[in-house]
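Right, one structure below, let's go through it.
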Amino acid sequence: MTIQKQPHATTGVTIPARIGDSTEINYGEAPAPDFGPLARDKIPVRAMKESDLTGIVAIDRRITGGDRSTYFQERMIEALYESDVRVSLVAEREGRPIGFIMARVDLGEFGRFEPTAVLDTIGVDPDCRNQGVGRALLSQLLINLGILRIERVRTEIDWRDHELMGFLDHCGFLPSPELCFDRLVE
């Protein structure tokens, strides 16, 4: 089959003309300008390991201004030793963590079977913000979960955390149709 290239009438860009029932694609040509490297291609992302705890706590301390080392110790134990599937990740630069995402696979609750992952926490070193670290972590997590046939990722955030809400919105998260209620027990 022969492909004839003709300039497009309005843009002047040369495009292949259809001959017969299909068009061959020449994969040897340069990619279209709207394709580029993905965030996870530029930032090394790997499985979380126990030795990452100190770096994760340090990143969180820089973000929150507080010490939540006990919280992260508990999440680390859960992520590495109590979960059937390890999905938590760390982004690193020059051998040190610059971001992390802690998640777990949840196959259902409240009597429903639903292959879901729960994103517990995500953090990026403030010096590395707006460099694609968060997108690289989330992108790799979604790839890994897709391979496991997980259908949904859910998370809970403080409704006043506009920065995180904007990030999640930009990454395709939507508000859940379900509301979570809690009440203090007196």
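The values are calculated or read from the model by the stated rules, or taken from the named source; none is laboratory data. Bear in mind the structure is a predicted one, so any value in this text is a computation, not a measurement. Note that we place each Cβ from the backbone using ideal geometry, even for glycine, and neighbour counts take in every protein chain shown.
Of note:
- Only one entry of GLU178, GLU156 meets the criterion of being touching a residue at least 12 places away in the same chain (Cβ under 8 Å) and among the charged types (D, E, K, R), and that entry is GLU156.
- Looking across the range 93-119 at every residue that is modelled with pLDDT under 90 and of a type in the set (Asp, Glu), the one that is surrounded by the fewest Cβ atoms within 10 Å (Cβ to Cβ) is identified as GLU109.
- The residues listed here are MET76, MET102; of these, the one that is touching a Leu at 6+ places or on another chain (Cβ under 7 Å) and without any contact (Cβ under 8 Å) to a residue 60 or more places away in the chain is MET76.
- Within the range 155-186, the residues that satisfy the criterion of being acidic (Asp, Glu) and within 26 Å of ASP125 (Cα to Cα) are GLU156, ASP158, ASP161, GLU163, ASP169.
- Matching residues in the range 157-173 - criterion: being within 18 Å of MET102 (Cα to Cα) and within 15 Å of the chain's Cα centre (by Cα): LEU164, MET165, PHE167, LEU168, CYS171, PHE173
- Among the residues of the range 71-92, the one identified as over 19 Å from ALA58 (Cα atoms) and surrounded by 21 or more Cβ atoms within 10 Å (Cβ to Cβ) is VAL87.
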